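The values are calculated or read from the model by the stated rules, or taken from the named source; none is laboratory data. Everything quoted here is computed from the prediction, not taken from an experiment. Glycine also receives a Cβ, built like all others from the backbone with ideal geometry; neighbour counts cover every protein chain displayed.
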Amino acid sequence: MTTADYEKCARRIAAALKLASGERILLKLDTRVFAPLVPPLQNLIRASGAHISGVVLAEDTETSSDGELDSLRRLFANADVFIWLPEIRQGNRPALRRAINEWLDEGRGRAVHFHWHGGSYPMVYLSCRLKILSIESIWLRSILIPMSWRSSIDVQSLCSVRAACE
């Protein structure tokens, strides 16, 4: 993957959100994957006049801690936009799931997220960084495909990567 690939992806995300000056952005990210995407995305957020008001790190847990829901509600109350980047284990602990749903149900902002492996392709099959890099490469290629071409995405490539990881 090249820096240019991550920059293209960041531009695609920023363009989809139509960020405006003064907007507050909440990011959810997994530092184990797509880390090179964060700097160009941050640069575009700042160039639009918006800023990152908070970051939620991905966690491999299904439990919430005491007081977590209140803290997360405050983060979302201070956000106009939520960007949920890909993760190794897509999902949310109960408090985060509830805070996101409440924020979305109230219609107080807009969000972008990625259904990369939520059901048909769980990344639990990945056991090494090399395989993660292969997934990143395929994901970046897929997000950069023009919408008019999406019906012909190379599903065979995705299946071959999954088979290699099993």
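In table form, for the structure just shown:
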| quantity | calculated |
| --- | --- |
| Criterion (assigned to a helix (DSSP H, G or I) and either of a type in the set (Lys, Arg) or surrounded by fewer than 20 Cβ atoms within 10 Å (Cβ to Cβ) (or both)) met by exactly one of ALA99, ALA95 | ALA95 |
| Neighbours by Cβ (under 7 Å, 6+ apart or cross-chain): first from the range 65-79, loosely packed, with under 15 Cβ neighbours inside 10 Å; second of a type in the set (S, T, N, Q) and not in a helix (DSSP H, G or I) | ASN78/SER53 |
| Qualifying residue in the range 27-39 (condition: of a type in the set (Gly, Ala, Ser) and under 21 Å from ARG89 (Cβ atoms)) | yes |
| Residue under evaluation THR63, criteria (1) closer than 22 Å to ARG98 by Cβ; (2) touching a Pro at 6+ places or on another chain (Cβ under 9 Å); (3) not in a loop (DSSP other than H, G, I, E, B), criterion not met | (3) |
| Output for the range 28-58, where each listed residue is modelled with pLDDT under 95 and assigned to a loop (DSSP other than H, G, I, E, B) | ASP30, THR31, ARG32, VAL33, PHE34, ALA58 |
